[in-house]
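The next block holds one structure in the form of structure tokens; read it before the comments.
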Amino acid sequence: MGNFDFLTDTAHRPWQLPKGKWQYYQQWNDALFLHFQVDDNFLRKLVPLGLSLDDFQGNYYVSLVAFKMEKIRPRLLPSWSYISDFYEINLRTYVKKQDKSGVYFLNIEAEKALSAKIARMLSGLPYEKSNIRRTLNRYHNQNKIKGFELDVEFSVGDKINTKSPLDCWLTEKYCLYLQDKHQHLRFNIHHREWDLHQVILKNIDLQYHISELKLCETDVIAAHYSSGVEVVSWSAEKV
């Protein structure tokens, strides 16, 4: 179950760890980040009122993150690989409330139907089943219901020893936001700082369209890879 020494590694965090006990443990492994600069007018229509769009130097972004969720489990209970381990692709943007910057999920896809159902039921996040496959140096996804497609072949380059401010801004977020009926919820999370590597995109076909937000392979402005992080999360708080 790990030794949880990462809980004492907090110097990189923008605020202190939450009070109280964490409620879920998980690992986000084999992570590919694809980043896009977008028009904030499109985002504003997709993000609930009451959550402010967050920007970096006046620019707005969404990120598609493909990774393997592993060993997710409640506190004090074991993980069960049939449910706890699955590939995930999420499309997120960056928001803030009460001066805490975090992410808001525009879409979340999971490889396994049962995992998606349980995750949706327990967290309220909009998980849905999709046909995600991972092979050597490749992520593939086809969501026929929504018309989403990702087919990316890549190689992992050198470790990024000196991250740019944008590298950090796009990856180092320590809470996520959710609208539940007429209230906003915030889930605090903790992990070590991401070890990021450069990515060489060899072949990529990408189509993600949500309302007026239309993303394709030519829109990718940056990419990162990480072998992963251990993560804990706390119960939702109303904000």
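The values are calculated or read from the model by the stated rules, or taken from the named source; none is laboratory data. Worth saying up front: this structure is predicted, and the values here are computed from it rather than measured. Cβ sites come from the backbone with ideal geometry, for glycine too, and all protein chains shown count toward neighbours.
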Quick check on the stretch 68-78. Is at least one of its residues over 26 Å from Val220 (Cβ atoms) and crowded, with 19+ Cβ neighbours inside 10 Å? yes
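Among the listed residues Lys214, Lys163, Lys202, identify the single one that is out of contact with any strand residue (DSSP E or B) (no Cβ under 7 Å at 6 or more places or on another chain), in a strand (DSSP E or B) and either modelled with pLDDT of 95 or more or more than 29 Å from Leu7 (Cα to Cα) (or both). Working first, answer last.
Details: Lys163 fails: in a strand (DSSP E or B); Lys202 fails: out of contact with any strand residue (DSSP E or B) (no Cβ under 7 Å at 6 or more places or on another chain).
Of Lys214, Lys163, Lys202, the one residue that is out of contact with any strand residue (DSSP E or B) (no Cβ under 7 Å at 6 or more places or on another chain), in a strand (DSSP E or B) and either modelled with pLDDT of 95 or more or more than 29 Å from Leu7 (Cα to Cα) (or both) is Lys214.
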Q. Going by the structure shown, is Leu213 under 26 Å from Lys45 (Cβ atoms), over 17 Å from the mean Cα position of the chain (by Cα) and in contact (Cβ under 8 Å) with a residue 24 or more places away in the chain?
A. yes
Apart from one, (1) assigned to a loop (DSSP other than H, G, I, E, B); (2) without any contact (Cβ under 8 Å) to a residue 60 or more places away in the chain; (3) in contact with a strand residue (DSSP E or B) (Cβ under 8 Å, 6 or more places away or on another chain); (4) of a type in the set (D, E, K, R) all hold for Glu153; the odd one out is (1)
Residue pairs qualifying under the 6 Å Cβ cut-off, at least six apart or on distinct chains, with the first in the stretch 221-234 being within 21 Å of Tyr60 (Cα to Cα) and the second being at pLDDT 95 or above and in a loop (DSSP other than H, G, I, E, B), are His224/Leu196
The residue that is surrounded by the most Cβ atoms within 10 Å (Cβ to Cβ), considering only those in the stretch 222-239 that are more than 17 Å from the chain's Cα centre (by Cα) and in a strand (DSSP E or B), is Glu237
